[in-house]
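This report refers to the structure that appears directly beneath it.
The values are calculated or read from the model by the stated rules, or taken from the named source; none is laboratory data. Nothing here was measured: the structure is a model prediction, and the numbers come from that model. In this analysis, Cβ positions are derived from the backbone assuming ideal geometry, glycine residues included, and neighbour counts consider all displayed protein chains.
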There are 2 protein chains.
Amino acid sequence: MKTQARFYHAGCPVCISAEQTVAGALDPARFDVEVVHLGQSTQRLVEAEAAGVQSVPALVIDQQVFHINHGADLSALK
Amino acid sequence: MKTQARFYHAGCPVCISAEQTVAGALDPARFDVEVVHLGQSTQRLVEAEAAGVQSVPALVIDQQVFHINHGADLSALK
């Protein structure tokens, strides 16, 4: 069974670079990567916050949050 | 030909989590991942700085630097 990875972003340039390079570099044999645009899917902000996401872009794997560089704080998306 | 990815760290808990989960999640079919412990290999600080690394843990892929969470500033390792 593959591990679910979630990549949260907000469409910012920093986000897109991280999405294309880091999220896109994960091993497809081991990970299902879901890309969530929090600027568009604002209803998922609650879920992202609950997972511990403080800023985007962020990658959540195995309930661990990895903030990758810094595009925007989550509070700026509300 | 595989893409070279470099994961710079300093042995801190934040670094180890990022190493095991993010660096370890990269697709081995596409990436050669070199793990560099800057606390031990201090001679490689110059190379890391030149690549744009400001803090560890950091992942460098395709000349792009991704600072993943924050363990320590590079200046603290000198």
Exercise for the section: For residue B:46, indicate whether it is under 30 Å from residue A:2 (Cβ atoms) and hydrophobic (A, V, I, L, M, F, W, C). Expected result: no
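Let me confirm something: among A:18, A:25, A:5, which residue is crowded, with 19+ Cβ neighbours inside 10 Å, touching a His at 6+ places or on another chain (Cβ under 8 Å) and hydrophobic (A, V, I, L, M, F, W, C)?
A:18
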Exercise for the section: Would you mind telling me which numbered condition in (1) at pLDDT 95 or above; (2) outside any strand (DSSP E or B) residue B:15 fails? Expected result: (1)
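Looking at residue B:71, is it more than 14 Å from chain A (Cβ to nearest Cβ) and in contact (Cβ under 8 Å) with a residue 24 or more places away in the chain?
Considered against the rule, which asks whether it is more than 14 Å from chain A (Cβ to nearest Cβ) and in contact (Cβ under 8 Å) with a residue 24 or more places away in the chain, residue B:71 comes out as no.
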Practice task
Identify, by number, the condition in (1) free of Cβ contacts under 8 Å to residues at least 24 places away in the same chain; (2) under 26 Å from residue A:3 (Cβ atoms); (3) under 12 Å from the mean Cα position of the chain (by Cα) that residue B:25 doesn't meet.
Solution key: (3)
Exercise for the section: Of all residues in the range B:18-33, count the ones that are under 16 Å from residue B:68 (Cα atoms) and either of a type outside the set (Val, Ile, Thr) or in a strand (DSSP E or B) (or both). Expected result: 8
Completion exercise
residue B:59: passes all of (1) part of a helix (DSSP H, G or I); (2) buried (at least 20 other Cβ atoms within 10 Å of the Cβ); (3) within 14 Å of another protein chain (Cβ to nearest Cβ) but (1)
Completion exercise
Of the residues in the range A:45-56 that are in contact (Cβ under 8 Å) with a residue 24 or more places away in the chain and farther than 16 Å from residue B:67 by Cα, the one that is farthest from the other protein chains (Cβ to nearest Cβ) is A:45
